[in-house]
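Right, one structure below, let's go through it.
Each reported figure results from applying straightforward, stated rules to the coordinates on display, with no laboratory input. The structure displayed is predicted, hence computed values, not measured ones. Here the Cβ is made from the backbone with ideal geometry for all residues, glycine too, and neighbour counts use every protein chain on show.
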Amino acid sequence: MSYGVFGEPVKHRVFVSYHHHGDQAYYNLFSKTFHDTYDVLYDNSLERSVDSDDVNYVMRRIRENHIAGTSCTIVLVGAQTQYRKYVDWEISATLEKGHALVGVQLPSALITADQHVQVPLRLLDNINSGFALWVGWEQITASTTQLSNYIANAKGRSTSLIDNSRARRVRNG
């Protein structure tokens, strides 16, 4: 834990991206578990807060209002996460800022017949490039120390590994 000028604990800020309708309970548990150590931010459902079809405007709002001031984005990957355009846009904005990226396989994640997890494609690109870290729900929620170690590991990865070349998702699947 870091401490501020007056000896008070400083909460590190992380942004959490997830499918609100499908994985809210996991976000709530994550936030409750780590609220003493991390200032856990999320998008407050961009679909309601940003009334615009202008992708560039929405991307700027994501960068300025949600990603700025954080150093890591944690993507909670459940059954429908890979189909959500705002999750893709949040990952893209994270990569544009050069921030750390951690994907978390939730127990609700879809697993294909060949035992692959269905992951947002931009996240998958960065797992494959070696930039993004991929962990399980049980691993990342095991303890504050574990979460801190995963975030430190992700922050230590070279930004030269970032792959943000994929076209942005234009609609939800």
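Laid out as a table, the results:
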quantity	calculated
Estimated distance in nm for a label pair at Asn172 and Leu121, the labels positioned 7 Å out from Cα along Cα-to-Cβ	1.9 nm
Helix-only [θ]222 nm of the chain, DSSP H runs n ≥ 4, -39500 (n - 2.57) each, per residue, nearest 500	-10500 deg cm²/dmol
Fewest-first sequence of Ser148, Ser17 by Cβ atoms within 10 Å of each Cβ	Ser148, Ser17
With eigenvalues of the C-alpha gyration tensor scaled by 5 and rooted, region 113-173, Å	23, 17, 11
Size-normalised alpha-carbon gyration radius of region 46-147, reference 2.2 N^0.38 Å	1.11
Stokes-Einstein D for the chain, Kirkwood Rh over Cα pairs, 25 °C, 0.890 mPa s (µm²/s)	151 µm²/s
Total charge dipole magnitude, the chain, about the Cα centre, Cβ charges on Lys, Arg, Asp, Glu only, Debye to nearest 20	220 debye
